[in-house]
Amino acid sequence: MTAIVGLARRGSVFIGGDSAGVSGMNLSVRADSKVFHNGGYLFGFTTSFRMGQLIRYSLTPPAPEGDLDRFMATAFVDALRDCLKSGGWARKEDEQELGGTFLVGVRGRLFAVHDDYQVASAADGYAAVGCGDQAALGALYATGRTGLKPAARIRVALGAAERFSAGVRGPFLCMALRKKGRAELLD
C-alpha cells in the first residue's frame with residue numbers, strides 16, 4: 001500500500017511518495033522515506049520496506065551506458081536481481097522469479113520496474129505505483145497543462161491518492177534528480 005508518483009521534465013526526474021506503512025488493517029506513519037537517491041539514480045518504492053532498504057543500502061547500481069532502455073532491462077535488472085536475492089527478498093512462484101515494484105529515475109528518464117522485473121517507460125512522461133496509483137495518475141493528467149511546477153503536480157497527485165485510498169498517508173516527500181545526477185530534496 002502506498003503512492004509513489006514520478007515525472008520527467010526537461011532533463012530532470014521528480015519522484016514523490018507518502019509515508020504509510022500498511023499491514024492488513026493496521027497503518028503506521030513511517031519516518032524512513034520511500035523516496036531516496038542511490039548513485040546516479042532516484043528511487044521511490046512500494047511493495048515492501050525491506051525491498052526498499054535493500055535497494056537503498058545494498059544495491060550498487062551500475063553506471064548507465066549505451067541505449068538506456070536496453071541497459072535498464074538488462075544490466076540494471078541483473079544488478080537488482082542479485083541484490084534482492086542476496087538480501088533474501090526475491091522469491092519464486094511457479095518457477096518465475098519475482099521482486100517488487102518501484103519507480104526509478106536516471107539520466108532524465110523515468111521508469112517503472114514491476115514485480116516480474118519488467119521495465120516500463122510511460123509515453124506520458126509520468127507514472128505512479130502503489131494502491132493510490134489511479135487517483136495519482138488522474139491528478140497528473142488533470143494538472144498537465146496548468147503550468148504547475150513538477151513538485152507541485154506531484155504533491156497534488158499524492159493528495160488525491162491520500163483522499164481516495166485508505167493505504168496512503170502524508171507527510172509526503174518529493175525529490176528531484178537533476179542533470180549530471182545531482183539529487184535534491186524539494187519543499
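No value in this document is a laboratory result; all are computed from the given coordinates. As the structure is a prediction and not an experimental result, all values here were calculated from the model. Because the Cβ atoms are built from the backbone with ideal geometry, glycine has one as well, and the counts that use them run over all protein chains shown.
List of remarks:
- Among residues of region 144-187, those that are farther than 22 Å from GLN134 by Cβ, out of contact with any Asp or Glu (no Cβ under 9 Å at 6 or more places or on another chain), of a type outside the set (Asp, Glu) and not in a helix (DSSP H, G or I), counted: 6
- Flag if ASP18 is free of Cβ contacts under 8 Å to residues at least 24 places away in the same chain and over 16 Å from GLU184 (Cα atoms): no
- Looking only at residues of region 85-130 that are in contact with a Ser or Thr (Cβ under 6 Å, 6 or more places away or on another chain) and buried (at least 19 other Cβ atoms within 10 Å of the Cβ), we find that the one that is farthest from SER12 (Cα to Cα) is GLY100.
- Taking the criterion of being surrounded by fewer than 24 Cβ atoms within 10 Å (Cβ to Cβ), under 14 Å from the mean Cα position of the chain (by Cα) and either aliphatic (A, V, I, L, M) or assigned to a loop (DSSP other than H, G, I, E, B) (or both), the residues of region 131-141 that qualify are CYS131, LEU137.
- Looking across region 57-72, the residues that are part of a helix (DSSP H, G or I) and either surrounded by 18 or more Cβ atoms within 10 Å (Cβ to Cβ) or among the polar types (S, T, N, Q) (or both) come down to PHE71, MET72.
- Residues being at negative phi, touching a Ser or Thr at 6+ places or on another chain (Cβ under 7 Å) and either assigned to a loop (DSSP other than H, G, I, E, B) or not aliphatic (A, V, I, L, M) (or both) - total across region 4-55: 6
- Residue pairs meeting the criteria (Cβ under 9 Å; at least 6 apart or on separate chains; first in contact (Cβ under 8 Å) with a residue 12 or more places away in the chain and farther than 13 Å from GLY16 by Cα, in region 131-152; second surrounded by fewer than 17 Cβ atoms within 10 Å (Cβ to Cβ) and of a type in the set (Gly, Ala, Ser)): CYS131/ALA166; THR143/ALA152
- Residue in region 143-166 that is nearest to LEU185 (Cα to Cα), counting only those that are more than 17 Å from the chain's Cα centre (by Cα) and of a type outside the set (A, V, I, L, M, F, W, C): LYS149
- Region 1-46: number of residues that are charged (D, E, K, R) and buried (at least 24 other Cβ atoms within 10 Å of the Cβ): 2
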